[in-house]
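Novice: I am attaching a structure below and will ask some questions about it afterwards.
Derivation of every value follows stated rules applied to the coordinates shown; laboratory data play no part. Model, not experiment: these values are computed from the prediction. When we count neighbours, we look across all protein chains shown, and the Cβ atoms used for this are built from the backbone with ideal geometry, even at glycine.
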Amino acid sequence: MPLLCLWAGSGARAADLQVHPVSIDLSGAEPRATVALRNVGREPVRLEVQTAAWSQSPEGELQTAPTDEIVVFPPLLTLAPGEERNLRVGTTARPGAAERTYRVFLQELPPAGKPGERQQVRVLSRLGLPVFLAPQRPASSAALEGLGASGGKARFALRNAGSVRLRPAEVKLVARGAAGHTLFARPLDAWYVLAGGERRYELSLPQEQCPAIRTLAVEVTLAEGQPPLRAEQALAEGACAP
């Protein structure tokens, strides 16, 4: 069972909360799910539950918008030390051509104050659980596009043309010299690429190695057990110079 234990600096503390599962899958046949919350700390935890539609920018930034398609109960709850409560999550939406995506946020609230009690500095945690509503016909399709270099930077995009999310386990950029030897290999941020979306990558190349780079390659390992994606691009002399 995943354990969320968030601590701040000296004199401040945040909630110790055990959450299972940390990702919620819904479908037309199973439009409801239960999330178990357990307070493993020594103090009561007060939570407000919020919902949002979830999308992403091409740079991978999380974007949210108000939604009434996800329903949670209870919207407010308090867990005593050692207490476990169930959070019910459901949807009023119908499956569409592409997977619908949402977030359920568990927002910690300040503890209830007592008269005369000295207030402790507290860092309020916020956990976002991804929620996926399966499409009518799940289909996976991923591609690497636009690999190249100019102005001292490498660029490429990981595109999801399928109807369900991609969850890369690893994205790696490799630069090779004229003899095919590896000059450097750099792991990149790997996160969800939602259905119909893309993740664009842009990164600076080491200038001391730039004159020797002849080939760029991208390797993507997909978490769903799909075959890895690979792309390779030969560079003209001076292509990666700033």
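Novice: Using a Förster radius of 22 Å, what is the FRET efficiency between Ala231 and Ser204 based on their Cβ-Cβ separation? Nearest 0.05, please. Could the numbers behind the result be given before it?
Specialist: On the way: r = 19 Å, r/R0 = 0.88.
It comes to 0.70.
Novice: Tell me, how many Å apart are the Cα centres for region 222-241 and for region 127-206?
Specialist: Cα centres, region 222-241 to region 127-206: 9 Å.
Novice: Now for a separate question. Using 0.36 nm per residue, how much length does the chain from Phe73 to Arg167 gain when fully extended, once their Cα-Cα distance is taken away?
Specialist: Full extension of this stretch gives 31.0 nm more.
Novice: How far is it, in nm, from the label point at Arg42 to the one at Asp189 when both lie 7 Å from their Cα along the line to the Cβ?
Specialist: With each label placed 7 Å out from Cα toward Cβ, I get 3.7 nm.
Novice: Would you kindly state how much longer the chain becomes between Glu84 and Ala212 on full extension, computed as 0.36 nm times their sequence separation minus their alpha carbon distance, in nm to one decimal?
Specialist: 40.2 nm
Novice: Next question, about the same structure. In nm, what is the difference between 0.36 nm times the number of residues separating Thr64 and Ser140 and their Cα-Cα distance?
Specialist: Between Thr64 and Ser140, full extension yields 25.0 nm more.
Novice: Among (i) 60, 36, 30; (ii) 72, 49, 28; (iii) 59, 44, 35, which is the computed Cα extents along the principal axes in Å?
Specialist: Answer label, from the structure shown: (ii).
Novice: Can I ask one more? Of the candidates Ala179, Ala139, Ala154, which one comes out as most mobile in a Gaussian network treatment of the chain with C-alpha springs shorter than 10 Å?
Specialist: Its mean-square fluctuation being the largest, the pick is Ala179.
Novice: Give me Thr91, Thr67 sorted ascending by neighbouring Cβ count inside 10 Å, so fewest comes first. Mind showing how you got there, number by number?
Specialist: Working: Thr91 23, Thr67 16.
Neighbour counts put them in this order, fewest first: Thr67, Thr91.
Novice: What net charge do the residues around Ser150 carry, taking every other residue with its C-beta under 14 Å from that of Ser150, with Lys and Arg at +1 and Asp and Glu at -1?
Specialist: 0
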